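For reference, the structure is listed below as structure tokens.
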Amino acid sequence: LMQLFRPLDLLGWVYRTIRQGLVDMAEMFRLMDTDVEVEDVPGAPALLAQPPTVQFDNVVFGYEPERTILHGLSFEVAAGSRVAIVGPSGAGKSTIGRLLFRFYDPQGGRILIAGQDIARVRQDSLREQIGIVPQDSVLFNDTLGYNIAYGRDGASDEDVLQAAEDAAILPFIRKLPDGFDTEVGERGLKLSGGEKQRVAIARTLLKNPPILLFDEATSALDSRTEQDILSTMQRVSRDRTTLAIAHRLSTIADADEILVLNEGRLEEQGRHTELLQRGGLYAEMWDRQQAESGAPREAAE
Ligand code: ATP
């Protein structure tokens with residue numbers, strides 16, 4: 001009988017792995033809007049992301065050979081710190097996230113996590129170590145509980161509850177008549193951008209990755225939602241290495257370090273107050289956003 005069960009067991013495992021993989025990939029592709037272009041080197045070891053440092057070492061990258069997007073980019077993110085990447089549209093911010101996930105390999109330089117070149121480790125092990133929190137997360141047409149629980153195979157109800165609490169979505173769920181069994185998505189309850197983001201955070205917390213990548217949406221949020229997201233982000237970033245790709249500078253003013261990217265080069269780096277004093281690109285962007293946020297609502301939208 002065992003001989004019959006073993007293949008079934010294996011099949012179940014393969015199915016779960018593929019399902020998990022596909023779901024994650026689908027979300028990543030939607031977020032990153034790209035195709036897989038890289039392969040594992042034969043016999044590549046798993047990534048050991050401890051301590052979870054991230055280092056870009058003279059990275060040169062272009063999507064097309066004739067157009068370089070990142071021109072020898074170097075920076076380091078210390079384990080447990082929160083680093084923000086800001087800069088004008090098209091500067092290459094999201095490209096950094098795509099490279100960290102290894103959707104593409106750089107044409108020059110290296111990307112290291114805990115000192116290991118990410119091009120030389122297994123991709124699945126790399127992606128296990130990084131949690132993405134997109135702002136407009138896609139939810140499945142399923143229950144809230146399911147949407148959180150798929151962050152980790154075999155998560156218990158208590159785990160889901162804890163993740164929801166840590167992501168500051170539990171009070172909202174508790175108020176719903178069906179709680180975690182509430183159907184969401186196209187055919188169910190519609191959630192706001194901020195609520196969806198917190199579901200995504202809860203999911204990511206279940207996955208419990210040492211490295212977090214926040215990819216902030218360009219769309220405008222009301223200031224209350226922005227504040228909520230900011231405080232949730234600060235909380236979940238604690239004890240994790242965080243890279244935050246930001247459009248609204250107010251959400252990252254407290255980052256340990258801010259990298260100001262311009263046309264694929266690091267133009268400035270430092271803390272918020274240092275960068276303001278410098279009076280360069282960051283200060284200019286900050287002044288502009290402050291002026292915009294002070295403008296009448298119709299004008300800002
Ligand atoms: P935004 O603030 O507008 O989101 P960004 O700083 O995140 O911009 P990226 O998305 O990293 O910018 O894009 C950097 C450059 O790379 C842009 O000029 C963009 O047109 C180009 N680019 C992005 N994705 C691709 C792609 N798949 N193929 C070719 N070029 C691309």
Quiz item: Do any residues in the range 121-135 that are over 16 Å from Thr204 (Cα atoms) have Cβ atoms under 8 Å from those of residues that are modelled with pLDDT of 90 or more and surrounded by fewer than 22 Cβ atoms within 10 Å (Cβ to Cβ), where the two are at least six apart or on different chains, and which pairs are they?
Solution: Val121/Ala44; Val121/Pro45; Val121/Ala46; Arg122/Ala44; Arg122/Pro45; Arg122/Ala46; Gln123/Arg102
Quiz item: Which residues, taken from the range 68-88, are within 11 Å of the ligand (Cβ to nearest atom) and at negative phi?
Solution: Thr68, Ile69, Leu70, Ile85, Val86, Pro88
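Tell me, which residue of the range 37-60 that is within 16 Å of the ligand (Cβ to nearest atom) and either free of Cβ contacts under 8 Å to residues at least 60 places away in the same chain or of a type in the set (Gly, Ala, Ser) (or both) is most open to solvent (accessible area, probe 1.4 Å)? First the steps, then the outcome.
Initial filter on the range 37-60 (within 16 Å of the ligand (Cβ to nearest atom)): 37-38, 56, 59-60.
Filter once more, keeping what is either free of Cβ contacts under 8 Å to residues at least 60 places away in the same chain or of a type in the set (Gly, Ala, Ser) (or both): 56, 59-60.
Working: Phe56: 2, Val59: 0, Val60: 51 Å².
That would be Val60.
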Quiz item: Looking only at the range 89-107, which residues are within 7 Å of the ligand (Cβ to nearest atom) and of a type outside the set (Val, Ile, Thr)?
Solution: Ser89, Gly90, Ala91, Gly92, Lys93, Ser94
Self-check item: Among (1) under 30 Å from Trp286 (Cα atoms); (2) assigned to a loop (DSSP other than H, G, I, E, B); (3) of a type outside the set (A, V, I, L, M, F, W, C) - the single one Gly154 does not satisfy
Solution: (1)
Exercise. For Leu126, state whether it is surrounded by 18 or more Cβ atoms within 10 Å (Cβ to Cβ) and farther than 17 Å from Leu259 by Cβ.
Key: yes
Practice problem: Show the residue pairs that are 6+ apart or on different chains and have beta-carbon atoms under 7 Å apart, the first residue being within the range 244-261 and β-branched (Val, Ile, Thr) and outside any strand (DSSP E or B), the second being open to solvent by less than 10 Å² (accessible area, probe 1.4 Å) and away from the ligand (no atom under 12 Å from the Cβ). | Solution: Ile252/Ala84; Ile252/Ala244; Ile252/Ile258
Quiz prompt | Enumeration of residues in the range 122-147 that are of a type outside the set (A, V, I, L, M), out of contact with any Leu (no Cβ under 7 Å at 6 or more places or on another chain), closer than 20 Å to Ala167 by Cβ and at pLDDT 80 or above | solution = Glu128, Phe140, Asp142, Thr143, Gly145, Tyr146
Quiz item: Among the listed residues Val86, Val138, which satisfies the condition of being surrounded by fewer than 21 Cβ atoms within 10 Å (Cβ to Cβ) and hydrophobic (A, V, I, L, M, F, W, C)?
Solution: Val138
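The values are calculated or read from the model by the stated rules, or taken from the named source; none is laboratory data. Since the structure is predicted, the reported quantities are computational estimates derived from the model, not experimental observations. Note that each Cβ is placed from the backbone with ideal geometry, even for glycine, and that neighbours are counted across all protein chains shown. For accessibility, only protein heavy atoms count, side chains too; no ligands or nucleic acids. Shrake-Rupley method; radii C 1.70, N 1.55, O 1.52, S 1.80 Å.
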